[in-house]
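Single-structure report; data block below.
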Amino acid sequence: MRHWWVWVWLCLGATLFPPVHAAGPSTDKVLNPGAELWNEVRGRQAAPATTQVQGRDSQVLVNEWGEHFRDYRRQRFVRYSGYLLAGVVSLLLLYHLLHGGLEVTESGRKVLRFELTERIVHWLLAGVFLLLTVTGVVLAFGRFVVLPWSGPEVFAVIASASKEGHNLFGPLFIVALLWFFVLFVGRNLPRLVDIYWLIRAGGMLGGGHPAAGFFNGGEKIWFWILTIGGLAVSTSGVVLDFPALVEGRNPLVLALVVHGIAAVVLIAASFGHMYLGTLGVKGSLEGMKSGLVDEAWAHAHHVLWYEELNRKAQAESSAREQGQ
Amino acid sequence: MARMKFYCDAERCIECNGCVTACKNENEVPWGVNRRRVVTIKDGERGERSLSVACMHCSDAPCAAVCPVDCFYTTKEGVVLHDKDICIGCGYCFYACPFGAPQFPEDGAFASRGKMDKCTFCAGGPEETGSADEFRKYGRNRLAEGKLPLCAEMCATKALLAGDANVIADIYRQRVVNRAASSLAHGVELQRQKFRATPERERTRTRGSEG
Ligand code: HEM
Ligand code: SF4
Ligand code: SF4
């Protein structure tokens, strides 16, 4: 056996380049009628089969996406969104324990940050968002986190209330989202300072506060995640709410996949937003509640906006003086 | 314990829709819902075949895996049933089911989905066996009465078989053997022509175009 490797190459060759006659169809091969039939059934998803029953996809004998949907939902969606949400919460917790929230010594003088309409629309959007998050999370994860300790009877009530609530509040979210967009888009257009702010991670890497306008780079990113993600959950949500808009089953599966992924991204981002708005940067919540923020807070976090405010105030007072 | 199965013999089904009608009548199924349907492939072409489908009572049921409220259960006869008191009508089971078995009656203002309805293998549901509630929600519980699903009982050509998986498999095996024997008696050429889903002419053409 000195030339054993010749055999290895021959075997490899035989597997890679099978003899030609084995590949071609043989004329006297008798096909299995049963197997042939099922090949046709599975391969004929697009070509019309017919049925007397008139229902969604009734003419489709075998639903080829079914197993993919099952696999996506059980093995991917539920698992990875669980990881993402738990990961974001633990990171925020860790950050808060190690670093703590930012605080500035108050000056006692207040400036107006948000008008009444702006505050109402913000809280409308936030309220609807929270309701949709809670009810949506029950639909997506309730089976794994609520059902085991609530029992099926109680969970049936929670789940159907969640579904009805989610379906009802969805359209309200769209209204609030669009209104919010119109009110705030002007102050969320990207500027050069935002890039500098982001590179410095908003001062989290040390070296003091980088300058920011009315909204800083981080806030603008949240605004655009909310807008784009919000549009994604809204369009897919409308399809899920009104299945009659689409035909067949695959567009609904697609809508559900888009909806789930966009929703989980939104929820994860909203955790960050809620942390920074309350514990992370003290004094921020006040601005959204009363509309007023402390001058020291404005100077520390949004110095470009603060300077602009001062310039405007000065211009106004000098105009008044001239008028007198 | 017997494990219940359906089998539809495509060589026998004549698309009479008797099973669909029998099911609808026996179970007084909600409006707009058919628990069973007959699908014809290659309608009017050579190799046309029809098959009657409903829930196939999967051993590892995809519907049960994706249901957000976990309302499915499998009886000891292997029948997959669900609890309409728990179902929220989300439709996920319909997306996962290989056979499109779950059906939804229209409900409420926007014609949204009502609670899911599907073939129960004529085995009722979680309500008390034989009760009025069981019949109203799930239809007849024929299995408890020692009878098989009416669709199969009704099938004129005995294309649709229902019952213990082993018995069904034996019947079908016997049919296959008999068919093979009869086609051998008619000669191999006939067998090739008759059972192929694609006509011989088309086959030759594709082969030719492949070179
Ligand atoms: C903040 C916004 C939203 C969040 C966080 C959210 C979250 C979710 C989640 C997590 C699910 C479950 C997905 C799954 O089980 O795979 C879901 C389902 C659903 N969502 Fe949303 N959603 C939002 C907005 C909307 C909007 C705007 C609409 C409609 C206009 C909507 C309509 C629906 C519908 C119809 C379902 C399917 C549930 C069912 O039919 O039972 N959602 N949502
Ligand atoms: S409903 Fe569909 S997935 Fe569920 S057991 Fe029946 S055939 Fe299988
Ligand atoms: S429609 Fe009902 S049975 Fe089907 S997955 Fe949704 S809750 Fe479960």
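Mean separation of Cα pairs under 8 Å and 6 or more residues apart, divided by the residue count, gives the range A:4-323 a relative contact order of 25 percent. By the count of other C-beta atoms within 10 Å, a proxy for reagent exposure, A:Ile225, B:Ile41, A:Ile199 are ordered fewest to most as A:Ile199, A:Ile225, B:Ile41. Taking Cα pairs under 8 Å and at least six residues apart, what relative contact order does the range A:116-169 come out at, in percent? This gives 48 percent for the range A:116-169.
What does a probe at A:Ser317 reach in the range A:78-115, counting residues whose amide N is under 16 Å from the point 7 Å along Cα→Cβ? Residues A:109-112 fall inside that zone. Sparsely packed loop sites in the range B:37-90 (the GluC sites (Glu not before Pro) outside DSSP H, G, I, E and B with at most 12 other Cβ atoms within 10 Å) comprise B:Glu45. Of all lysines in the structure, the ones whose alpha carbon falls short of 22 Å from that of A:Lys312, not counting any fewer than 8 places away in one chain, are A:Lys110. Note on B:Met116, A:Met204, A:Met274: ascending count of other Cβ atoms within 10 Å places them as A:Met204, A:Met274, B:Met116, the fewest first. Only helical runs count toward this figure. For chain A, summing -39,500 (n - 2.57) over DSSP H runs of n ≥ 4 and dividing by all residues gives -22500 deg cm²/dmol at 222 nm.
The modelled label-to-label distance between A:Ala86 and B:Asp107, using points 7 Å beyond Cα along the C-beta direction, is 3.3 nm.
Its Cα centre serving as origin, the range B:4-170 has a Cβ charge dipole (Lys and Arg +1, Asp and Glu -1) of approximately 300 debye.
All C-alpha pair distances within the range A:41-100, sorted into 10 Å bins from zero, spread as 19, 24, 19, 15, 11, 9, 3 percent across the bins. Both radii are taken from the alpha-carbon atoms of the range A:222-324; with Rh as the Kirkwood radius, Rg/Rh is 1.27.
Diffusion coefficient of chain A by Stokes-Einstein, Kirkwood radius over Cα pairs, 37 °C, 0.692 mPa s: 130 µm²/s. Normalised by the number of residues in the range B:4-170, the average gap of Cα pairs under 8 Å and 6 or more apart makes the relative contact order 29 percent.
To the nearest ten degrees, helix A:250-275 and the longest principal axis of the Cα atoms of chain A are 30 degrees apart.
An ellipsoid equivalent to the range B:4-170, defined through the eigenvalues of its Cα gyration tensor, has semi-axes of 25, 19, 16 Å when rounded to whole angstrom and sorted largest first. The long axis of helix A:4-16 is offset from the longest Cα principal axis of chain A by roughly 80 degrees. Both radii come from the Cα set of the range B:58-157: Rg as radius of gyration, Rh as Kirkwood radius; their ratio Rg/Rh reads 0.97. Projecting label points 7 angstrom from Cα along Cα→Cβ for A:Leu93 and A:Glu247 puts them 5.1 nm apart.
Seen against the Cα atoms of chain A and their longest principal axis, helix A:217-241 is set at about 50 degrees.
All of the numbers you see were taken from the coordinates with simple rules; none came from a lab. Note that the structure is a prediction, hence the values are computed from the model and not measured. In this analysis, Cβ positions are derived from the backbone assuming ideal geometry, glycine residues included, and neighbour counts consider all displayed protein chains.
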